[in-house]
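Input: a single structure, listed below in structure tokens.
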Amino acid sequence: MPSDVLGYAAAVAKEPLKPYQFTRRDVGPGDVSIKIAFCGVCHSDLHTARDEWGGAIFPVVPGHEIVGHVTAVGDKVTKYKVGDTVGVGCLVDSCLQCEDCKNHNEQFCNGQVLTYTSPCKDGTGKSTQGGYSDHIVVREEFVLRVPDGLDLAGAAPLLCAGITTYSPLRHWGVKKGTKVGVVGIGGLGHMAVKLAAAMGAEVTVFTTSQSKVEDAKRLGAHHVVISKDEAQMAAAAATLDVTIDTVGFTHDLTPYINALRTNGTHVLVGAPENPHPPFIPFSLIGKRRSIGGSCIGGIQETQEMLDFCAEHKLTSDIEVIAIDYINEAYERMLKSDVKYRFVIDLSTLKK
């Protein structure tokens, strides 16, 4: 029988999240049931709860940075057993048959099912609900193993912030000696700095905040540029091989394009609700520069990222909160008043 679940949901767009009881499907032959210990708070959660991108299905329980422990498995599950420490990211299903799925790029599948606010494939007409809840049921193929040694709360944001920055760094071939720029130091940006530095890159951070200079260096940056300072930006021109742009609001890309060397690429991973201003095509043409984009990664790459983080002892910098603080956390997140990711302790649901 389906099981009752307690969570926090937005009943309609722009209303505060409140306690919400709903049901999860029963554990099928290929399913894994997970008691959620911690769930990271992503800016995408806020965008969805307020329907800023459009298309959200209400009521919605956000949360796609999920870690916890296996409580039950179906009789066809082979990779996991009760008690295992596992995670769930932004995807809980895909077609597994298309070219993207066969190439381990499930994040690009047209039949992907997101962890929340996607129509379920079980014919019930319900939508998926995320990790601001006490447990979740996911098919085995979309469950990740959390390696031993990683702090569980700090590992939760790796399931989105970690893979969102790891994937483009890997795709664009970052290695020892690569000159990497990171635009913005927040939930995504701070992980981009940590990961690029661990890969051996020379990392330059662009920030508007003088107060973040020392913190950027603590995270692993070799250079910090105040992006509002025209002289500093001019000095950074034509110095970088790839930049990871994590900023989640509209901004002028031209100064960061100009920071690229010949053949450099500016990669967008931040997802604003409005388009960026236009840029001059000659800023690309003159140096064979490119603008790229990247979202999360496939399941195989996400597992690779978790293993990389365990090897290099990397987790997110977090502030752990109780679930009833989530609406205040959203307001603080809008003010960039967190270093650098809120993580919900789901044991507080029972309180």
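Counted over the chain, the DSSP beta bridges are approximately 55% antiparallel.
Note: the range 162-293, Cα convex hull, 95 Å³ per residue.
The range 73-120 and the range 208-244 have their alpha-carbon centroids 37 Å apart. Most tightly packed first, judged by the mean number of other beta-carbon atoms within 10 Å of their residues, the peptides 141-147, 308-314 read 141-147, 308-314. Expressed as a whole percent, the accessible surface of the chain that belongs to carbon and sulfur atoms is 52, based on a 1.4 Å probe. Charging the Cβ of each Asp and Glu at -1 and of each Lys and Arg at +1, and nothing else, the dipole of the chain about its Cα centre rounds to 580 debye.
Residue separation of residue 218 and residue 75 scaled by 0.36 nm, minus their Cα-Cα distance, works out to 46.8 nm of gained length. Quick check: from the Cα gyration tensor, does the range 1-146 come out rounded (a/c under 1.5), prolate or oblate? Note, shape of the range 1-146 comes out oblate.
Shown in residue order for the range 43-54 are the 3J(HN,Hα) couplings computed by the Karplus curve 6.51 cos²θ - 1.76 cosθ + 1.60 at θ = phi - 60°: 4, 4, 4, 5, 3, 6, 4, 9, 6, 6, 9, x Hz (x for Gly and Pro). Per-residue 3J(HN,Hα) values for the range 26-34, derived from phi via the Karplus relation 6.51 cos²θ - 1.76 cosθ + 1.60 with θ = phi - 60°, read 5, 6, x, x, x, 9, 10, 9, 10 Hz in sequence order (x marks Gly and Pro). If you plug the beta carbon distance of residue 99 and residue 22 into 1/(1 + (r/R0)^6) with R0 = 35 Å, you get a FRET efficiency near 0.50.
The trypsin sites (Lys or Arg not before Pro) of the range 1-79 that DSSP puts in a loop, and whose beta carbon has at most 10 other beta carbons within 10 Å, are 14, 76.
Loop-resident trypsin sites (Lys or Arg not before Pro) (DSSP state other than H, G, I, E or B) in the range 93-129 with no more than 16 further Cβ atoms inside 10 Å of their Cβ: 121, 126.
Which shape class, rounded, prolate or oblate, goes with the chain when its Cα gyration tensor gives a ≥ b ≥ c as root eigenvalues, a/c under 1.5 marks rounded, and past that a/b bigger than b/c marks prolate? Prolate shape, in that a/c is at least 1.5 and a/b is the bigger ratio. The calculated 222 nm mean residue ellipticity attributable to helices in the chain amounts to -6000 deg cm²/dmol, summing -39500 (n - 2.57) over DSSP H runs of n ≥ 4 and dividing by all residues. Accessible area per residue (1.4 Å probe, heavy atoms of protein chains only) ranks 245, 148, 252 as 148, 252, 245, with the largest value leading.
Gain on full extension, evaluated as 0.36 nm per residue between residue 110 and residue 238 minus their Cα-Cα distance, stands at 42.4 nm. Solvent-accessible surface of the range 162-293, taken per residue with a 1.4 Å probe and all protein chains present: 43 Å².
The values are calculated or read from the model by the stated rules, or taken from the named source; none is laboratory data. Since the structure is predicted, the reported quantities are computational estimates derived from the model, not experimental observations. Virtual Cβ from ideal backbone geometry, glycine too; neighbours counted across all protein chains shown. These accessible areas exclude ligands, DNA and RNA; they are computed on the full protein's heavy atoms, side chains included. Shrake-Rupley method; radii C 1.70, N 1.55, O 1.52, S 1.80 Å.
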